[in-house]
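Structure first, commentary second.
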Amino acid sequence: MNVIQGELPGVLILEPKVFGDARGFFMESYNEKTFTEATGLKLNFVQDNHSRSQRGVLRGLHYQMLQPQGKLVRVVSGRVWDVAVDMRRSSPTFGKWQGVELTAENNRQFWVPAGFAHGFVVLSDSADFLYKTTDYYAPEHERCLAWNDPVVGVQWPLEGITPQLSAKDQVGQRFVQCETYP
């Protein structure tokens, strides 16, 4: 596994070894021992999630207070632009973001540590998005940073795409109003 240090502390891009031939390919999408050795992180994943969305669906930017989740995300069909925003006041990169393109072809995974808001937009006709979390989904602790907050300034690649948002994401809070981590 190739590990690329992200622009933000703790954020990682992972490139698993893919073994392919004319028949297709094989890869380990997750191996605890390999992951720990490659990243130095000893994590306990408690939940796996799978979402399917169509072109233009923008989910996020979500995070949980009291039960923060680290997320290991990947795409198994299609193409997305995936984003992490540092919500930790004590971090030198507080309020900064990093984005990465995840596709079924590049097999990249994105490690988004607890303490970050997370979201993505679908760039292909549809996408299947899988992610492992380090804590359970707790809707009472979920928060939403506005995807288009001008202070954070995420550069979403939306050429020709009108973002489709859930009702919850349409009322995401501005960064200056958001509850943040210490």
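Just to be sure I understand the model, the point goes 7 Å from the Cα along the line to the Cβ. What's the resulting PHE94 to ALA138 distance in nm?
2.2
Want the number for ASN44 to THR162: 0.36 nm per residue separation, take away the alpha-carbon distance, what's left?
Full extension from ASN44 to THR162 adds 38.8 nm.
Taking the C-alpha atoms of the chain, how large are the radius of gyration and the largest Cα-Cα span, Dmax, in Å?
So, for the chain, Rg and Dmax equal 15.9, 53 Å respectively.
With a ≥ b ≥ c the root eigenvalues of the C-alpha gyration tensor of segment 36-136, is it rounded (a/c under 1.5), prolate (a/b larger than b/c) or oblate?
It comes out prolate by the Cα gyration axes.
Calculate, in nm to one decimal, what GLU101 and ASN2 gain on full extension: separation in residues at 0.36 nm each, minus their alpha carbon distance.
Full extension from GLU101 to ASN2 adds 34.0 nm.
Looking at the chain, how many pairs of lysines come closer than 18 Å at the Cα, when each pair is eight or more places apart or spans two chains? Before the final figure, lay out the partial values.
On the way: LYS17/LYS33; LYS33/LYS42; LYS33/LYS71; LYS33/LYS132; LYS42/LYS71; LYS42/LYS132; LYS71/LYS96; LYS71/LYS132.
Pairs that pass both the separation and distance tests number 8.
Label points 7 Å out from Cα along the Cβ direction at LEU66 and VAL171: separation in nm?
Label-label distance for LEU66 and VAL171, simple model: 1.9 nm.
Go ahead and run the numbers for FRET between ALA22 and ARG52, Cβ-Cβ distance against an R0 of 35 Å, rounding to 0.05.
0.80
Compare the peptides 136-149, 30-43, 57-70, 108-121 by average per-residue count of other Cβ atoms within 10 angstrom and give them in order, highest first.
The most tightly packed comes first, giving 108-121, 57-70, 136-149, 30-43.
Every number here is computed from the coordinates shown, using simple stated rules; none is lab data. As the structure is a computational prediction, the values presented were derived from the model and not from experiment. Neighbour counts are summed over all protein chains in view; Cβ atoms, including those assigned to glycine, are modelled from backbone coordinates with ideal geometry.
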